[in-house]
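Here is the structure we will look at.
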Amino acid sequence: MPTNMRILPILAIISIFLPFAKSINFDVPAVFNFGDSNSDTGELIAAGIESLYPPNGQTYFKVPSGRYCDGRLIIDFLMDAMDLPFLNAYLDSLGLPNFRKGCNFAAAASTILPATATSLSPFSFGVQVSQFIRFKARVLELLAKGRKFEKYVPADDFFKKGLYMFDIGQNDLAGAFYSKSLDQILGSIPSILLEFENGIKKLYDEGARYFWIHNTGPLGCLAQNVAKFGTDPSKLDELGCVSSHNEAAKTFNLQLHALRSKLQGQYPDANVTYVDIYTIKSNLIANYSKYGFEQPIMACCGNGGPPLNYDSRVSCGQTKVVNGTTITAKACTDSNEYINWDGIHYTEAANQYVASQILTGKYSDPPFSDKMPFLLKLRF
């Protein structure tokens with residue numbers, strides 16, 4: 001496809017959705033985010049547990065930014081739509097981090113269930129909630145000492161008026177497939193969601209009232225999972241995705257949606273919003289060419305070439321010697337053509353599309369309306 005023809009659909013998406021996103025204002029003073037690599041803006045890297053190398057960050061930040069992406073994440077686009085700055089990771093200590101407008105506790109590889117000795121990330125959902133509780137207590141201590149800290153930390157009432165966002169659970173499901181059957185994984189979902197519910201209750205007790213919960217995406221369509229579990233074509237669906245992984249994700253999402261209704265009933269003074277990320281991402285993968293993409297599953301940054309360009313032995317930007325042979329995970333020429341960045345995470349272009357769909361309000365329960373805690377105000 002000629003370059004100019006390839007770019008036109010992408011420009012069409014931007015022209016349709018970006019003005020809409022910019023024409024609204026989510027009236028919240030701060031955002032507190034919890035999750036995994038889908039919304040991690042530098043937590044795991046700041047902890048010194050992992051390192052990211054170029055070409056990560058190449059599209060927007062021009063250097064690795066702590067995000068597992070070539071550029072911005074969904075949360076970055078949502079923060080922009082709310083006229084709020086990108087969230088600093090809780091563990092950021094250099095670069096003059098400012099937490100006035102919120103804080104990001106999300107860490108790559110994190111799970112809802114407590115971490116184990118083999119977990120890559122120790123920052124499970126319960127730990128992230130505990131970090132928030134300490135963060136809030138420390139903020140209130142600083143504010144009590146005088147006004148000199150006001151421009152760096154949230155105001156007292158921001159904790160009640162702020163938006164609490166969640167995007168976690170993917171790793172609980174995806175990781176379980178390495179040791180459990182599908183039936184065992186489906187049977188474990190209630191216990192996973194009980195842990196999530198307990199965390200939400202703790203945040204409610206701390207004053208949180210506005211909750212924004214993303215469900216999990218189509219795990220079976222990630223190149224990492226196709227490479228490991230999709231070698232038998234009978235295990236794949238019509239889109240080339242691993243059927244069992246997507247079944248687990250859909251079951252998890254059904255029960256998460258039910259939990260949203262339960263929480264809303266228990267806390268009538270709160271607003272609990274459920275966002276159907278699964279449907280948005282599935283639609284993107286099924287109709288990728290319509291939205292200007294050329295590769296729905298193959299990784300942009302990887303090793304091995306088509307059909308997946310994914311090699312579990314070497315991550316994006318790394319070079320390793322394997323069996324005497326040097327292999328490098330390099331980026332594709334144009335990441336705008338790809339939905340998947342590194343076999344696990346989405347490209348900036350795909351993240352922008354997902355964010356644009358979230359901002360339509362069509363994929364939320366309840367949908368955006370004048371009853372939402374953060375009113376949608378047209379600026380024109």
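Which residues, taken from region 316-325, are farther than 19 Å from Cys69 by Cα and either touching an Asp or Glu at 6+ places or on another chain (Cβ under 7 Å) or exposed (fewer than 14 other Cβ atoms within 10 Å of the Cβ) (or both)? Explain how you work it out, then say what you get.
At the first step, the residues of region 316-325 found to be farther than 19 Å from Cys69 by Cα are 320-325.
Correct list: Val321, Val322, Asn323, Gly324, Thr325.
Which of the residues spanning region 313-351 are touching a Ser or Thr at 6+ places or on another chain (Cβ under 6 Å), under 16 Å from Gly292 (Cβ atoms) and not in a loop (DSSP other than H, G, I, E, B)?
Within region 313-351, Ser335, Tyr338, Glu348 qualify.
In region 107-143, what residues are in a helix (DSSP H, G or I) and β-branched (Val, Ile, Thr)? Full working, then the answer.
To start, the set of residues in region 107-143 that are in a helix (DSSP H, G or I) comprises 125-143.
Matches in region 107-143: Val127, Val129, Ile133, Val139.
Identify the residue in region 264-284 that is of a type in the set (Val, Ile, Thr) and buried (at least 20 other Cβ atoms within 10 Å of the Cβ) and, among all such residues, is farthest from the chain's Cα centre (by Cα). It would help to see each step written out before you state the result.
Going residue by residue through region 264-284, those that are of a type in the set (Val, Ile, Thr) are 272-273, 275, 277, 279-280.
Going one step further and asking which of them are buried (at least 20 other Cβ atoms within 10 Å of the Cβ), we end up with 272-273, 275, 277, 280.
Values: Val272: 18, Thr273: 16, Val275: 12, Ile277: 10, Ile280: 13 Å.
Of everything passing the filter in region 264-284, Val272 is farthest from the chain's Cα centre (by Cα).
When the residues of region 19-42 are narrowed to those that are among the small types (Gly, Ala, Ser) and surrounded by fewer than 22 Cβ atoms within 10 Å (Cβ to Cβ), which ends up modelled with the lowest pLDDT?
Let us first name the residues in region 19-42 that are among the small types (Gly, Ala, Ser), namely 21, 23, 30, 35, 37, 39, 42.
Within this subset, residues satisfying the condition of being surrounded by fewer than 22 Cβ atoms within 10 Å (Cβ to Cβ) are 21, 23.
Details: Ala21: 35, Ser23: 32.
So the residue we want is Ser23.
Could we say that Gly304 is modelled with pLDDT under 95, on the phi > 0 side of the Ramachandran plot, over 23 Å from the mean Cα position of the chain (by Cα) and not polar (S, T, N, Q) here? Steps first, answer last, please.
On the way: modelled with pLDDT under 95: no; on the phi > 0 side of the Ramachandran plot: yes; over 23 Å from the mean Cα position of the chain (by Cα): yes; not polar (S, T, N, Q): yes.
Considered against the rule, which asks whether it is modelled with pLDDT under 95, on the phi > 0 side of the Ramachandran plot, over 23 Å from the mean Cα position of the chain (by Cα) and not polar (S, T, N, Q), Gly304 comes out as no.
Which pairs have Cβ atoms under 7 Å, sit 6 or more apart or on different chains, and link a residue in region 85-96 that is within 10 Å of Thr41 (Cα to Cα) to one that is modelled with pLDDT under 95?
Matching pairs, first to second residue: Asn88/Pro97; Asn88/Asn98.
Here is a check on your reading of the model: is Gly66 surrounded by 20 or more Cβ atoms within 10 Å (Cβ to Cβ) and either more than 11 Å from the chain's Cα centre (by Cα) or within 20 Å of Gln352 (Cβ to Cβ) (or both)? Break it down into steps so the answer makes sense when it comes.
Numbers: surrounded by 20 or more Cβ atoms within 10 Å (Cβ to Cβ): yes; either more than 11 Å from the chain's Cα centre (by Cα) or within 20 Å of Gln352 (Cβ to Cβ) (or both): yes.
Here the answer is yes, as Gly66 does meet what is asked.
Within the set of pairs 6+ apart or on separate chains, which have a first residue in region 279-296 that is assigned to a strand (DSSP E or B), a second that is modelled with pLDDT of 95 or more, and C-beta atoms under 7 Å apart?
Every condition considered, the pairs that remain are Gln295/Glu337; Gln295/Tyr338; Gln295/Ile339; Pro296/Ile285; Pro296/Tyr288; Pro296/Ile339.
Need pairs with beta-carbon distance below 8 Å; first residue under 17 Å from Lys160 (Cα atoms) and of a type outside the set (Ser, Thr, Tyr) and within region 133-149, second part of a helix (DSSP H, G or I) and at pLDDT below 95; sequence gap 6+ or separate chains.
Taking only residues 6 or more apart or on different chains, the pairs are Leu143/Phe149.
For region 93-101, indicate whether the set of residues that are of a type in the set (Gly, Ala, Ser) and exposed (fewer than 14 other Cβ atoms within 10 Å of the Cβ) is non-empty. If you could, list the steps in order and put the result at the bottom.
Quick first cut of region 93-101, residues of a type in the set (Gly, Ala, Ser) only: 93, 95.
Retained after the next criterion (residues that are exposed (fewer than 14 other Cβ atoms within 10 Å of the Cβ)): 93, 95.
Taking every residue of region 93-101 in turn, at least one turns out to be of a type in the set (Gly, Ala, Ser) and exposed (fewer than 14 other Cβ atoms within 10 Å of the Cβ).
May I ask you to list the residues in region 198-221 that are touching a Phe, Trp or Tyr at 6+ places or on another chain (Cβ under 9 Å) and among the hydrophobic types (A, V, I, L, M, F, W, C)?
Selection gives Ile200, Leu203, Ala208, Phe211, Trp212, Ile213, Leu219.
Give the residue that is nearest to Leu256 (Cα to Cα), with candidates limited to residues of region 364-375 that are modelled with pLDDT of 70 or more and out of contact with any strand residue (DSSP E or B) (no Cβ under 6 Å at 6 or more places or on another chain).
The qualifying residue nearest to Leu256 (Cα to Cα) is Pro366.
So how many residues does region 83-100 have that are in a loop (DSSP other than H, G, I, E, B), in contact with a helix residue (DSSP H, G or I) (Cβ under 8 Å, 6 or more places away or on another chain) and not polar (S, T, N, Q)?
At the first step, the residues of region 83-100 found to be in a loop (DSSP other than H, G, I, E, B) are 83-88, 90-100.
Those left that are additionally in contact with a helix residue (DSSP H, G or I) (Cβ under 8 Å, 6 or more places away or on another chain): 85-87, 90-93, 99.
Subset that is not polar (S, T, N, Q): 85-87, 90-92, 99.
Residues that pass the stated criteria total 7.
List pairs: first residue in region 191-218 and on the phi < 0 side of the Ramachandran plot and among the basic types (Lys, Arg), second residue in a helix (DSSP H, G or I) and surrounded by 17 or more Cβ atoms within 10 Å (Cβ to Cβ) anywhere in the structure, Cβ distance under 7 angstrom, at least six positions apart or on different chains.
From residues that are on the phi < 0 side of the Ramachandran plot and among the basic types (Lys, Arg), the pairs are Lys202/Val129.
If I ask for residues that are surrounded by 22 or more Cβ atoms within 10 Å (Cβ to Cβ), touching a Leu at 6+ places or on another chain (Cβ under 8 Å) and either within 13 Å of Ser335 (Cβ to Cβ) or of a type in the set (S, T, N, Q) (or both), which ones from region 285-315 would you list?
Answer for region 285-315, where residues must be surrounded by 22 or more Cβ atoms within 10 Å (Cβ to Cβ), touching a Leu at 6+ places or on another chain (Cβ under 8 Å) and either within 13 Å of Ser335 (Cβ to Cβ) or of a type in the set (S, T, N, Q) (or both): Phe293, Met298, Ala299, Gly302.
So if I check each of Ser191, Ser244, Ser179, which one is of a type in the set (Ser, Thr, Tyr) and over 23 Å from the mean Cα position of the chain (by Cα)? Full working, then the answer.
Values: Ser191 fails: over 23 Å from the mean Cα position of the chain (by Cα); Ser244 fails: over 23 Å from the mean Cα position of the chain (by Cα).
None of the other options fit; the residue is Ser179.
The values are calculated or read from the model by the stated rules, or taken from the named source; none is laboratory data. Please read all numbers here as calculations on a predicted model, not as lab measurements. With ideal geometry, Cβ positions are generated from the backbone for all residues, glycine too; neighbour counts draw on all protein chains shown.
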